1. To the nearest 10 degrees, how steeply does helix 95-107 sit against the main Cα axis of the chain, on a 0 to 90 scale?
2. As I understand it, the value is the acute angle between the Cα axis of helix 7-16 and the longest principal axis of the Cα atoms of the chain; what does it come to in degrees, rounded to 10?
3. Using only the C-alpha atoms of segment 1-156, find the volume of their convex hull and express it per residue in Å³.
4. Using Cα pairs under 8 angstrom and six or more residues apart, how large is the relative contact order of segment 7-221, in percent?
5. Quick one: among 247, 176, 77, which has the greatest mean-square fluctuation in a GNM of the chain with alpha-carbon springs under 10 angstrom?
6. Kirkwood Rh over Cα pairs of segment 5-82 into Stokes-Einstein at 10 °C, 1.306 mPa s: D in µm²/s?
7. With springs only between Cα atoms under 10 Å apart, run a GNM on the chain and tell me which of 216, 43, 159 wobbles the most.
8. Run the numbers for residue 263 and residue 16: contour at 0.36 nm per residue of separation, minus the present Cα-Cα distance, in nm.
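Taken together, the values in this text are just the output of simple stated rules run on the coordinates, not laboratory data. All figures in this text were calculated on a predicted structure; none of them were measured in a lab. As a convention, Cβ positions derive from the backbone with ideal geometry for all residues, glycine included, and neighbour counts pool all protein chains shown.
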């Protein structure tokens, strides 16, 4: 049986040069399939706001949403390391509130770790969580919870000041005790430099080939959406959306044409039982019809 990873094993994977695979999941069957496929880490991302709940951004996602979906994923993927996002404004509001909200994700959501967006500005809260025994994964670069402040979903690290700030943020998170960092939509040379400068794993999404691992969204790699919007940094491995749409369309057509259900889909009844239940009244009716 597969043994779940730990933060110690993850650091050893970086040291040995073994790439880390991470994928989002938000429900029982998705998490179960991801585990069976051999994924290293499941991220219960607040991206569920976009791909599951139908929001335009991750900002409306609540702590209750994250606790619920994390708990469902944890039930499915019992042998996989699970990281759950802290949603918008459940941290950055003081250490006590951050710890209280993080505790809910760990206790009620059954996550093994939490993920926070931000750099040096949240280092104190990261350190407080780590001191409390809560493993923390950082997230810098494009931080979706700050999309309005950033001016949209744009690549980070193109300007010197941005690049320098990202390096400082990464080092601050490592110093605060984060066991790993996600780099999102960052130029490849900068991402590689950050990964080389840190002793903890750096997992990229749209950050190129120099990271210690990669993470993508479940619905993106499977085109499980309608309409599906292609992204430069995503490789799709199957078109599940079209398969599902066509399958449901075939079902609708067969119901309308009465092609479904067929003989093999129905349950017969023993003739004797049928007669006991319905035969008497029907026999009398048949007799009356015959005597006319």
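1. 40 degrees
2. It works out to around 70 degrees.
3. Looking at segment 1-156, the number lands at 124 Å³ per residue.
4. 20 percent
5. Judging by the Gaussian network model, the answer is 247.
6. For these conditions, the coefficient is 120 µm²/s.
7. Between 216, 43, 159, it is 159 that shows the largest mean-square fluctuation.
8. 83.1 nm
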